[in-house]
Amino acid sequence: MQIGPYQLKNNLIVAPMAGVTDRPFRQLCKKMGAGMAVSEMVASNSLLYGSEKTKRRANHEGEVEPISVQIVGADPEMLAEAARHNVSNGAQIIDINMGCPAKKICNVMAGSALLRDEALVAKILTTVVNAVDVPVTLKIRTGWDKANRNAVQIARIAEDCGIQSLAVHGRTRACAYMGDAEYDTIADVKQAIRIPVVANGDITSPEKAKLVLDKTGVDAVMIGRAAQGRPWIFREIAHYLKTGEYLPAPEVAEIRSVLLAHLEDLYDFYGEHTGVRVARKHISWYTKGLVGSANFRHAMNQLQTVEEQIAATDEFFLAEDGLAATNDRLIYKEAA
Ligand SMILES: Cc1cc2nc3c(=O)[nH]c(=O)nc-3n(C[C@H](O)[C@H](O)[C@H](O)COP(=O)(O)O)c2cc1C
């Protein structure tokens, strides 16, 4: 998979997820085998550039290349300015979000709401592509609603405007996250254009990644929710695509050490107050399905300090490890 001058090490991409794909998570997924990770969306409103949140989202220190930053908005000039601003802060690829169904975003005609206005899409893409000398990529849904699946049309516009790679989430805006993602429209998009196409939506296992690659002929797959608390999914998929064989699930001891290192990164990145809060959802994802995890998660949400959070996590995993030793492997049983 090639995006402009960047040859990715494989065809597995971490989906942008606001509140999730911060620098610590992107780095971890890359370490665990992802070929690229797209940042959380960054507002295109320059009034927000100085805010703590926006500054943190634009922090790429030590991040493995290529650094892809997603911008969101509806005004071509503001998006162009946001693209320039992020490139001057280290972005090597600019990704434009036309896939987000969130009300907050769609009410201002940004995210997936833009798919309704093809002329505006063309104007935005041309303006941003001309504003920066790094590759610009686009992320869309299959259309506005099931009666208006215009992904193929948008894909042609994107290619004509100089977009260098297109990710398609196999749902319409109206579908939000309901129902199953469909891949037929993504296959049609792949047929219609020559730039790389990335399939996204409900890819949760090595077999599903292979099935989607085979069915659609796309160049890469993008994985979002399935990587939450499971960053090793990238190495599992990479191994399966290469060999046709499954890697064994990680042992409890490995999950513990990956999670503890992830927590340290979160505390470093956000500081104690925010770090402890951001960490709660990750801890909850990592421990989902492990014995006793429901009670553990409840207790975890009361803890306020780094020391307490680490000690509780450690204690939980040491108890799990004892069980694992008697039980051979005990990963992802039904939640107790
Ligand atoms: C918590 C969360 C935050 C998201 N934030 C963004 C975002 O900032 N930009 C974007 O383009 N998509 C965003 N998405 C959509 C994902 O990138 C992806 O398209 C969607 O989750 C489907 O892929 P999956 O089934 O692999 O999760 C978000 C999804 C989730 C669950």
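The values are calculated or read from the model by the stated rules, or taken from the named source; none is laboratory data. Everything quoted here is computed from the prediction, not taken from an experiment. All Cβ positions, glycine included, derive from the backbone under ideal geometry; neighbour counts span all protein chains shown. SASA here: full protein model, heavy atoms, side chains in, ligands and nucleic acids out. Shrake-Rupley method; radii C 1.70, N 1.55, O 1.52, S 1.80 Å.
Points to keep in mind about this one:
- CYS29 - accessible surface, heavy atoms, 1.4 Å probe, Å² rounded to 10: 0 Å²
- Apportionment of accessible area to carbon and sulfur, the chain, percent (1.4 Å): 50 percent
- Net charge dipole size for the chain [Lys, Arg +1 and Asp, Glu -1 on Cβ; Debye, nearest 20]: 740 debye
- Here the range 258-294 and the range 207-247 have alpha carbon centers that stand 24 Å from each other.
- Against the chain, whose longest principal axis is taken from its Cα atoms, helix 118-131 shows a tilt of about 80°.
- HN-Hα J in Hz across the range 284-301 - Karplus 6.51, -1.76, 1.60, θ = phi - 60°, x for Gly and Pro: 5, 5, 5, 9, 4, x, 7, 4, x, 6, 4, 5, 4, 5, 4, 5, 4, 5
- Here the gap between ASN295 and SER257, fully extended at 0.36 nm per residue and compared with their Cα-Cα distance, gives a gain of 11.6 nm.
- Taking all protein chains together and rolling a 1.4 Å probe, TRP285 ends up with roughly 60 Å² accessible.
- Rg [Å, one decimal], Dmax [Å, integer] - the range 242-304, C-alpha atoms: 14.0, 45
- Translational D in µm²/s for the chain (Stokes-Einstein at 37 °C, 0.692 mPa s, Kirkwood Rh from C-alpha pairs): 159 µm²/s
- 0 to 90° range, to nearest 10: angle between helix 233-243 axis and the chain longest Cα axis: 80 degrees
- Where both bridge residues fall in the chain, DSSP classifies roughly 5% of the beta bridges as antiparallel.
- Dipole of the chain computed with +1 at Lys/Arg Cβ and -1 at Asp/Glu Cβ about the Cα centre; of LEU247, LEU166, GLY35, farthest Cα towards the positive end is LEU166.
- The modelled label-to-label distance between GLU272 and ASN59, using points 7 Å beyond Cα along the C-beta direction, is 1.7 nm.
- Highest GNM mean-square fluctuation among GLY170, GLY35, GLY62, for the chain modelled with Cα contacts below 10 Å: GLY62.
- Size of electric dipole in the range 202-293: Cβ of Lys, Arg +1 and of Asp, Glu -1, about Cα centre, debye, nearest 20: 320 debye
- Treating each Cα of the range 64-204 as an identical point scatterer and summing with the Debye formula, the log10 of I(q)/I(0) at q = 0.09, 0.15, 0.17 Å⁻¹ comes to -0.23, -0.67, -0.86.
- In order along the range 142-157, phi translates into HN-Hα couplings of 6, x, 7, 8, 5, 7, 10, 8, 9, 4, 5, 5, 5, 4, 5, 4 Hz, rounded to whole numbers, per the Karplus curve 6.51 cos²θ - 1.76 cosθ + 1.60 with θ = phi - 60° and x for Gly and Pro.
- ASN89 paired with LEU120, simple spin-label distance in nm, labels 7 Å along Cα-to-beta-carbon: 2.4 nm
- Euclidean distance between Cα centres, the range 1-50 to the range 146-178, Å: 20 Å
- To the nearest 10, the accessible area of SER205 is 30 Å² with a 1.4 Å probe.
- Across the options SER112, GLY19, GLY217, the greatest Cα extent toward the positive end of the charge dipole of the chain (unit charges at beta carbon of Lys, Arg, Asp, Glu) belongs to SER112.
- Think of the range 62-104 as a dipole: +1 on every Lys or Arg Cβ, -1 on every Asp or Glu Cβ, centred on the Cα centre; then among ALA74, ILE96, ASN86, ALA74 lies furthest on the positive end.
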